[in-house]
Amino acid sequence: MRIMCLTIVSLFLLTSCQADTDTPFNQQLKATYPDIHVVESIVTDDVIYVAMIIKPLKQFSEQKIAADIKKDLGKKYPNHLVYTSSDMKATIEVRKQTSPLTQERLNQLISYDQSIEKDD
Amino acid sequence: MKTDTIKTIAKKHDPKRPLAKNCLMSFIFGGSLCALGQMISLFYLYFFDFSEETVGDPTVATLIILTMFLTGWGVYDKIAQVAGAGTMVPVTGFGNAVISSAIEHRNEGFVLGVGSNMFKLAGSVIVSGVFSSFVIAIIKTLLA
Amino acid sequence: MKEALQVRVGQVSYQFHTPIIINEYHTIAGPLEKNGALTAYIDTFIDDLYDGEKTYENCYKKLICDGISPLLKKHPDVQLLFTGDLLNQSTPTHLALTNRALTPITFDHACANFGLSLLYGALSIESQQQAAVFAGTMSHFAAVEKQFRFPNEYGQQKPPSSQTTVTGGGFCLLSSNGTGPHITGGTLGAVIDEGFSDPYNMGEAMAPACFHTLLAHFKDFNTTPKDYDYIITGDLGSVGQNILYDLLREENYRVNRNQLIDAGCEIYNKNQPIFSGGSGAGCLSLFLLSKGLKVYFKKPTRALVVATGALHSPLSLLQTPHIPTIAHLIVLESK
Amino acid sequence: MVISVFVAFVVGGLICTIGQLIIDVFKQTPAFMLSLFVVIGSVLDGIGLYEPFIDFAGAGATVPITSFGNGLVHGALKEAEQSGLIGVVIGMFQLTSAGITSAIVFGVIGALLFKPRS
């Protein structure tokens, strides 16, 4: 029974949008792309990983939006490898990601980027 | 007496199905089943390594486990009498068709009873699905 | 040998001159009927649809055993049992009567079996072949549901016009001595098919057959509904009864509404989940041999008892999508 | 996240209501309605509309039986990209195996555990 309460509590906690503890980069993303509802991102010196949840009504084309943002960011930060994902799982994983990014962890995150499957 | 006079009289007394109530009930029950499915999906998303694409499979499996218990305890058909399509359209309806046939034909033995009668109801769903998917996939691969 | 009195009347009817009396009867019913409307009149009940058996079909067999044994104990010399049940090849009846000195004559007219059993019981007594015979039918909800419709646990919404098979029924002894209501006549029905094809609305499919047999009876005996106190139908249900009422009025027979009694509707009370009424082979026998004889036929009455049956099989319904039906009628009088 | 539960509720409810209308208004048997839904699921995925529909509705799209049709076509097409026309036959049950396998397995387990009640 305890586990049940734990899950419900954590479900609600994680879903509240932390507008306040957002990194400046996230706020900037939200400003430039209005469709984003919740965004989490990891920025290292050579990789930018943006996980987002699109507003409910726009979710029909969430993958297209994620792809556009990826292209856009790719232009803005040419010397960075940019990955975006509109998958809910990506947002959850990024939010859990406290320790610095290992390559293996990064590969797992990249697997959530749907646009990669479409390209190759 | 001519057949069509009998038919018109019979038409007059055909009890109208309570359409509004049925639709409302199937909306509520169908919706709550899908909401339950979404919660299960969220649970799997949080605690297991499933992406949003592949989270459907464990959700469906969990729902069918739930159906097995509901069918076994004799509750599912009571709900379905109220819910109508609400409990039939979701995958629990498919699960219930398979599980109720299996339970029903248990007394004829497992091989001949359960084995041969299990898909008597759900078979039509699989056959129509597979055949239509085959046709569509062939057309798509030929065109694209 | 006294001059053989004319038994045949008109095209399809019979008139019986020797007294054919229903003088002993035993009814048994299931849990749903236990809290129905006839609890006071039914002899024995079973608690659940298994009654200690492993399968529903065995319970159906046990029902037939428990239904006939009391009568058989009292009258071991009787040879024939006119009956009929709803499962394939009447296996419950045959299994129930294994190693017993009683030969089951099993008819296959679904819910019209009871009418046919009484009629042929009367004919065999009238022709002095038998001094006394048994007649009666039994049905079991879950076993019939499994064969004719869907598995019992299958979640499917039944429309309000569908009917619930009765668990239970009754057996009776027909003989030419004793006290009780007399069977004075009968009419054999013909297979009627008006093209109705909805297996969840048997009432509308069986009403024309019942109407056809009633018409034949009125023509052969040139009587009208007014000459009878009641017209007791087997399992037309509320839907079928309304249709029958309109059909009779269409043929300008004046009949008032409470003359029509439907066994399927009488067995249960209003708040029970039975849709438009009870049905099944045992439905008419359960009603007639319980409340029928103990209440309606206590005072002098003259009534028509019509057993209606749908003769389709799950397979035939898929190939030729309409339901053939039949109805048999006996005239029951009590002094 | 929580709003996705509400969206699934509304979308799933609507699909079931359409199913109820097919049964009651067009007087079709439930088996026909289910087969129709599976075919609709397949056609939608053939056009490529079902993938965004799942993104939008979440469980509202994966729980109804239309997702079975979608899984079939999706698996077939994905395999067909690699190994050509024969891929259609190979990939058909890759994505939908969860539903059918669990139905069979829990059907047998149900037959073991339970007895039919009326």
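Quick note: the coordinates plus some simple rules give every number you see, no bench work behind them. These figures come from a predicted structure and were not determined experimentally. Heads up, the Cβs are rebuilt from the backbone with ideal geometry, glycines too, and the neighbour counts pull from every protein chain shown.
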Dipole magnitude of the stretch B:18-143 about its Cα centre, charges +1 at Lys/Arg Cβ and -1 at Asp/Glu Cβ only, in debye to the nearest 20? 360 debye
Ranked by Cβ crowding within 10 angstrom, fewest neighbours first, how are C:M202, B:M1, B:M39 ordered? B:M1, B:M39, C:M202
I want the antiparallel fraction of DSSP beta bridges within the protein assembly as shown, as a percent rounded to 5. 70 percent
Could you work out the Kirkwood radius for the protein assembly as shown, taking every pair of different alpha carbons, averaging 1/r and inverting it, reported in Å? 29.0 Å
Using θ = phi - 60° and Karplus 6.51 cos²θ - 1.76 cosθ + 1.60, couplings along the stretch B:39-49 (whole Hz; Gly, Pro as x): 4, 4, 4, 4, 4, 5, 5, 6, 9, 10, 8
Stretched out fully, how many nm does the piece from A:R95 to A:D68 gain, at 0.36 nm a residue minus the Cα gap? 7.5 nm
With label points set 7 Å from each Cα along the Cα-to-Cβ direction at B:D14 and B:V127, the distance between them in nm comes to 2.7 nm
Student exercise, the stretch C:70-188 dipole from Lys, Arg, Asp, Glu Cβ charges, in Debye to nearest 20: 180 debye
Kindly rank B:25-37, B:48-60 from highest to lowest mean number of other beta carbons found within 10 Å of each residue. B:25-37, B:48-60
In a solvent-free Debye calculation with one equal scatterer on each Cα, what is log10 I(q)/I(0) for chain C at q = 0.11, 0.12 Å⁻¹, listed in the order of the q values? -0.63, -0.76
For the protein assembly as shown, whose charge dipole is built from +1 on Lys and Arg Cβ atoms and -1 on Asp and Glu Cβ atoms, the candidate among B:F43, A:H80, C:L80 with its Cα farthest towards the positive end is C:L80
Give, rounded to the nearest 20 debye, the magnitude of the charge dipole that chain C has about its Cα centre when Lys and Arg contribute +1 at Cβ and Asp and Glu contribute -1 at Cβ. 700 debye
Förster radius 60 Å - calculated FRET efficiency between B:M1 and D:Q82 (Cβ-Cβ, nearest 0.05): 0.35
Relative contact order in percent for the stretch C:95-209 (Cα pairs under 8 Å, 6+ apart) equals 25 percent
Normalising by the residue count of chain C, find the relative contact order in percent from Cα pairs under 8 Å and 6+ residues apart. 25 percent
Evaluate 2.2 N^0.38 Å with N set to the residue count of the stretch D:2-113, then give the Cα radius of gyration divided by it. 1.19
Quick one: work out the % antiparallel among DSSP beta bridges in chain C, nearest 5. 70 percent
Selection from C:T164, C:P208, B:P15 lying farthest towards where the dipole of the protein assembly as shown points positive, charges on Cβ: C:P208
Structure-based [θ]222 nm, chain C - -39500 (n - 2.57) summed over DSSP H runs of at least 4, per residue, nearest 500: -9000 deg cm²/dmol
Positive-pole candidate from D:L72, D:I109, D:I18, dipole of chain D, charges at beta carbon: D:I109
In 10 Å bins starting at zero, report the fraction of Cα pairs in chain B per bin as a rounded %. 10, 25, 28, 23, 10, 3, 1, 0
